[in-house]
1. Scan the range 35-49 and report the pairs whose first residue is under 19 Å from LYS129 (Cα atoms) and whose second residue is outside any loop (DSSP other than H, G, I, E, B) and of a type in the set (A, V, I, L, M), with Cβ atoms within less than 6 Å and a gap of 6+ or a chain change.
2. For the range 22-59, give me each residue that is loosely packed, with under 13 Cβ neighbours inside 10 Å and in contact with a helix residue (DSSP H, G or I) (Cβ under 6 Å, 6 or more places away or on another chain).
3. Which ones in the range 95-126 are assigned to a helix (DSSP H, G or I) and exposed (fewer than 13 other Cβ atoms within 10 Å of the Cβ)?
4. How many residues are under 12 Å from the mean Cα position of the chain (by Cα) and in contact (Cβ under 8 Å) with a residue 60 or more places away in the chain when one looks only at the range 104-122?
Amino acid sequence: MDRVSKEQRSRIMARIRSCGTAPERKLGELLRALLPGERIEERPASLPGKPDYFLPGLALAVFMDGCFWHGCPKCHRLPEDNRAYWELKLRRNRARDRAVNAALRAAGIAPVRIWEHELAGDGAQAKRKLRRSTRRAQARLARPAAAG
């Protein structure tokens, strides 16, 4: 059972930001430090899923996925209260993430998803994933287009 009233819970949940969060800002700082001079767009509405960051020169869409809201397999814990609601909510979120990834790939854009816990400390896990993703993107863009 919830420890706060329904109205209090509603106010608490309404204060949760969907963008511009501290982890998103940290991810942006990491991207700018790792890729100086690379053009980085924030939340381009024209792309599927409205990624947190888009690197047009590398055709990379970078998402900062909160461990709770996206059901991180490493550290997510489902709330005890209203369990059926949360199971359905998180299932839908993960299905949406898969659909967005597929749409981006179909458009020739590589999706990169950084888990919130990968930004912990100095963000070493996120840095490794971003470096690997940028190397792959550079290699993909360096390949000649298939003749057709």
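Laboratory data are not the source of any read-out in this text; all were calculated from the coordinates shown. Since the structure is predicted, the reported quantities are computational estimates derived from the model, not experimental observations. Every residue, glycine as well, gets a Cβ built from its backbone with ideal geometry; the counts of neighbours run over all protein chains shown.
1. GLU38/LEU55; ILE40/LEU31; ILE40/LEU55
2. Of everything in the range 22-59, nothing turns out to be loosely packed, with under 13 Cβ neighbours inside 10 Å and in contact with a helix residue (DSSP H, G or I) (Cβ under 6 Å, 6 or more places away or on another chain).
3. Start the filter on the range 95-126 by keeping residues that are assigned to a helix (DSSP H, G or I), which leaves 95-106, 116-119, 124-126.
Listed by number, the residues that qualify are ALA95, ARG96, ARG98, ALA99, ALA102, ALA106, ALA124.
4. Number satisfying all stated conditions: 4.
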